[in-house]
Amino acid sequence: MSSSCKIDEAGRHSKLQLQELEELVNDSYENTTIYKEKTKVFHDNSITQKHFKPGHKVLLYHSHLKLFPKKLTSRWIGLFVVLKVFEHGAVEIQNEETGKIFKVNGYRLKPCYESFNANVLDVIQLDALVN
């Protein structure tokens, strides 16, 4: 074989290697897009939707407490009443104490259940259950 044949053969071989590498890159790109789509669908399905109606009582997430973290302080503040629910998740609420009205994102709210009474205890006599 002459040297020009060897050079042509080496050129073809390197072109094939480049094409194989490009195919691997394209396959990995397709796999990552498929993975991202699947994880997005899973995430969207696992999100619970919050539905508020006027008159509901809610608590507001106080995001400023992240700057000064304290272990035992609650990040949920106040007792607010829902006045109006807008499209795209915005909610107009009113503070029960001050009467101040403002709009917040619905993701910063959670329902408040006032009927829960932590002071009510059920007493069970264990010796009566043993006999």
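The values are calculated or read from the model by the stated rules, or taken from the named source; none is laboratory data. Keep in mind that what you see is a predicted model, and the values were worked out from it rather than measured. All Cβ positions, even for glycine, are placed from backbone atoms using ideal geometry, and neighbour counts span all protein chains on display. To get the accessible areas, we keep the full protein, side chains included, count just its heavy atoms, and leave off ligands, DNA and RNA. Shrake-Rupley method; radii C 1.70, N 1.55, O 1.52, S 1.80 Å.
The distance between label points at residue 38 and residue 94 comes to 5.1 nm (points 7 Å beyond Cα on the Cα→Cβ vector). Say the cut-off is 31 Å between C-alpha atoms; which of 38/110; 40/110; 40/103; 15/38; 36/103 go over it? Going by Cα-Cα distance, 15/38; 36/103 fall outside the 31 Å limit. Working note: Karplus 6.51/-1.76/1.60 with θ = phi - 60° gives the stretch 43-60 the couplings 5, 5, 6, 8, 6, 8, 7, 9, 10, 10, 10, x, x, 5, 9, 9, 10, 10 Hz, where Gly and Pro are set to x.
Ranking of 113, 61 by solvent-accessible surface, largest first: 113, 61 (1.4 Å probe, protein heavy atoms only, all chains present). The alpha-carbon of residue 53 sits under 15 angstrom from the alpha-carbons of these aspartates and glutamates, leaving out residues fewer than 8 places away in its chain: 87, 92. In this simple spin-label approximation, residue 31 and residue 47 carry label points 7 Å from Cα along the Cα→Cβ vector, and these lie 2.9 nm apart.
Over the stretch 1-54, the Kirkwood radius and the radius of gyration, each from Cα atoms, give a ratio Rg/Rh of 1.59. Going by accessible surface with a 1.4 Å probe and the largest first, 126, 83 read 126, 83.
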